[in-house]
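Novice: Input: one structure, supplied below.
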Amino acid sequence: QVQLVESGGGLVQPGGSLRLACVVSGNIFGINVMGWYRQAPGKQRELVATVTSGGSTNYADSVKGRFTISRDNTKNTVYLQMDSLKPDDTAVYYCKVEQRTWDLTVSWGQGTQVTVSS
């Protein structure tokens, strides 16, 4: 199993920026897809962005052009750069990794709060 620790959340005004980071430790063998999801109060958890081991990215339509996902395999870290933040971006953001060795395993971080408000 692996452990995921998110950081970088906080309170920001509309139009501001934040950068989230997720450090993965433990048994990192077989990690392929890494990504970010978010969940607002009273709503379902939704995909924000993913990045594969080869560097291919995928974004939700609501964040395209504003968010950028990246990964540093040397540091076992995935980042989410968030620009032009809107109040609708307010949510708990969760890091997710998919790991395939003898089986497919999905691991989640504890989440970090992002609040966009004036």
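Novice: At 7 Å along the Cα-to-beta-carbon direction for both Trp102 and Val5, put a label point, then send me their distance in nm to one decimal.
Specialist: That separation, rounded to one decimal, is 2.9 nm.
Novice: So for the chain, if I pair up every lysine 8 or more residues apart or on another chain, how many of those pairs have alpha-carbons under 19 Å apart?
Specialist: 4
Novice: How charged is the neighbourhood of Ala60? Take every other residue with its Cβ under 14 Å from the Cβ of Ala60, and add Lys/Arg as +1 and Asp/Glu as -1.
Specialist: Values: positive: Arg38, Lys43, Arg45, Lys64, Arg66, Lys86, Lys96; negative: Glu46, Asp61, Asp88, Asp89.
Taking every Cβ under 14 Å from that of Ala60, the sum is +3.
Novice: Sort the following peptides by mean Cβ neighbour count (other Cβ atoms within 10 Å, averaged over residues), highest first: 100-110, 6-16.
Specialist: Put in order of decreasing packing, that is 6-16, 100-110.
Novice: Output needed: percent of Cα pairs per 10 Å distance bin for the chain, bins running from 0 to the one holding the longest distance.
Specialist: Percent of pairs per bin, in order: 14, 49, 29, 8, 0.
Novice: Right, next: Which length gain, in nm to one decimal place, applies between Asn27 and Thr77 when the Cα-Cα distance is subtracted from 0.36 nm times their residue separation?
Specialist: Stretched fully, the Asn27-Thr77 segment lengthens by 16.6 nm.
Novice: When ligands, DNA and RNA are left out and all protein chains stay put, how many square angstrom of accessible area per residue does the chain have with a 1.4 Å probe?
Specialist: Per-residue value: 54 Å².
Novice: Could you check how much of the accessible area of the chain is carbon and sulfur, as a whole percent, using a 1.4 Å probe?
Specialist: That share works out to 47 percent.
The values are calculated or read from the model by the stated rules, or taken from the named source; none is laboratory data. What you are looking at is a predicted structure, and each value in this text was computed from that prediction instead of being measured. Methodologically, a virtual Cβ is constructed for each residue, glycine included, from the backbone with ideal geometry; neighbour enumeration extends over all protein chains shown. These area figures cover heavy atoms from the full protein model, side chains too; ligands, DNA and RNA do not enter into them. Shrake-Rupley method; radii C 1.70, N 1.55, O 1.52, S 1.80 Å.
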